[in-house]
1. Count, please, the residues in the range 132-150 that happen to be closer than 26 Å to F224 by Cβ, modelled with pLDDT under 95 and assigned to a helix (DSSP H, G or I).
2. Over 27 Å from S236 (Cα atoms), in contact (Cβ under 8 Å) with a residue 24 or more places away in the chain and assigned to a loop (DSSP other than H, G, I, E, B) - does that describe any residue in the range 112-131?
3. All but one of (1) at pLDDT below 95; (2) surrounded by 13 or more Cβ atoms within 10 Å (Cβ to Cβ); (3) under 18 Å from V77 (Cα atoms) hold for G22; which doesn't?
4. Could you run through the range 59-92 and say how many residues are touching a strand residue (DSSP E or B) at 6+ places or on another chain (Cβ under 7 Å) and open to solvent by 10 Å² or more (accessible area, probe 1.4 Å)?
5. So how many residues does the range 344-398 have that are open to solvent by less than 20 Å² (accessible area, probe 1.4 Å) and outside any helix (DSSP H, G or I)?
6. Can you tell me which residue within the range 282-299, out of those that are closer than 30 Å to I331 by Cβ and surrounded by 15 or more Cβ atoms within 10 Å (Cβ to Cβ), is farthest from the chain's Cα centre (by Cα)?
7. Would you say T257 is modelled with pLDDT of 95 or more, within 29 Å of S377 (Cα to Cα) and in contact with a Ser or Thr (Cβ under 6 Å, 6 or more places away or on another chain)?
8. Grab the helices (runs of 4 or more DSSP H) fully contained in the range 1-92, keeping just those with 3 or more residues being within 20 Å of V308 (Cα to Cα).
Amino acid sequence: MDFTFTEEQQAATEAARAVFSGVAPDGVPSPALVPGAVAEDIDRPLWAGLAAGDLLSLTLPPEHGGAGLDPVALCLVLRESARVLARVPLLETCAVAMTLQRHGDAGLAAELLPRVGRGELVLTVGANGRTGHDPAELAVTARREAPASNRPGEGPGNAPGDAGGDAAGWVLDGVQSGVPWAQAADWIAIPAHTGEGRAVVALIRPTHDGVTLAEQVSTSGELFAEVRLDSVRIDSRALIDTVGAWEWLRALLITGTCALALGLGEAVLTMTSEYTGKREQFGFPVATFQSVAVQAADRYIDLRAMEVTLWQAAWRISTGAGGALPAEGDIAVAKIWASDGIRRVVQTAQHLHGGFGADTDYPLHRFHAWAKQIELSLGPAAAHEEALGDLLATHLLS
């Protein structure tokens, strides 16, 4: 395996570092000090900076004003964003935009994607289902509906998400919980299932008739939402029903979350190294104590394992390359390391920082809260190990 990054991917990393260099993790109230969400909106100045730096259009095709880079480049940028706890839906927006370009209606893509690249639109996605324990697409039903012109008392619609005209539309019912920054989004991608059991992805607006947002707060203190759909009608071009579209979007979201875990973990280990190098006991820096050095070394190994499994999964998604196992196998391995690894990294950091780890004047507690949110998003490593075992049983290796 050759994980050498291309010049374009390296340039994207440098551009991301430049944009994120001015971001302070303590830029909003601490989640430990406020009873609700830390803020009502995303970091709009940073969002504008990402657009100005061409990072929101990074993975868009040239015909929509983008650079046409792949998910590996996106993961490199996400890694940098997590180092500073960037409060922007970069992963969600880029993942939905890439899915729309790859699998969605060409007209709708031409209408929305240039605006996404310019920072004018925010996209998000509901990927947790009703409870977070069942497949997200099972939480919402999508059924076909006759054209509006054929329904008594109804005429054609004009907006992209409105069922209307002579095209058959769709009706959505169900609930998606824990949708990141849904209140700030212009469009929400909602996975659903049809009567035939196919997984589809619907694009809806938060202001659409029949859509209700109930406020939820994430472990990291960010404003999420329960999105309830009651007979929400959309036209056919707002529904992506290509076979494999939802599975591809879900794989991209998972891999991007692993990139966030890696970047956050690297930032935490750097903080721990700097602290233990300055903190002295018995006249010596605690970093020189064998027990401290061994724990830090173990976490460094965790991060390197998280890194190599992340790039393997991102490479499989980017290239569609075959292997002894489907790409889901590499994604499962990346999730195993990211979920367990980020937990071990922040726990060790808290231990080696002593009381400073819980001090709300020190930034580590924020990183701990974000790490816990990532861990919960990925799910327990044991579940991914079971999924990997099923894949190995199905695809016997020679």
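1. Kept after step one, since they are closer than 26 Å to F224 by Cβ, are these residues of the range 132-150: 132-142.
Retained after the next criterion (residues that are modelled with pLDDT under 95): 132-135.
The next check asks that each one be assigned to a helix (DSSP H, G or I); those that pass are none.
The number of residues fulfilling the criteria is 0.
2. Yes: one or more hits.
3. Condition not satisfied by G22: (2).
4. First pass over the range 59-92, keeping only residues touching a strand residue (DSSP E or B) at 6+ places or on another chain (Cβ under 7 Å): 89, 92.
From what's left, open to solvent by 10 Å² or more (accessible area, probe 1.4 Å): 92.
Adding up the residues that qualify gives 1.
5. 1
6. The initial filter retains those residues of the range 282-299 that are closer than 30 Å to I331 by Cβ, namely 295-299.
Of the ones still in play, those that are also surrounded by 15 or more Cβ atoms within 10 Å (Cβ to Cβ) are 295-296, 299.
On the way: Q295: 29, A296: 28, R299: 24 Å.
Here the residue is Q295.
7. Details: modelled with pLDDT of 95 or more: yes; within 29 Å of S377 (Cα to Cα): yes; in contact with a Ser or Thr (Cβ under 6 Å, 6 or more places away or on another chain): yes.
It is true that T257 is modelled with pLDDT of 95 or more, within 29 Å of S377 (Cα to Cα) and in contact with a Ser or Thr (Cβ under 6 Å, 6 or more places away or on another chain).
8. Details: elements: 7-20, 44-52, 71-83.
Because the criterion is at least 3 residues that are within 20 Å of V308 (Cα to Cα), the helices (runs of 4 or more DSSP H) in the range 1-92 that meet it are 7-20, 71-83.
The values are calculated or read from the model by the stated rules, or taken from the named source; none is laboratory data. What you are looking at is a predicted structure, and each value in this text was computed from that prediction instead of being measured. Cβ atoms come from the backbone with ideal geometry, glycine included; neighbour counts cover every protein chain shown. Accessible surface areas use protein heavy atoms only, side chains included; no ligands, DNA or RNA. Shrake-Rupley method; radii C 1.70, N 1.55, O 1.52, S 1.80 Å.
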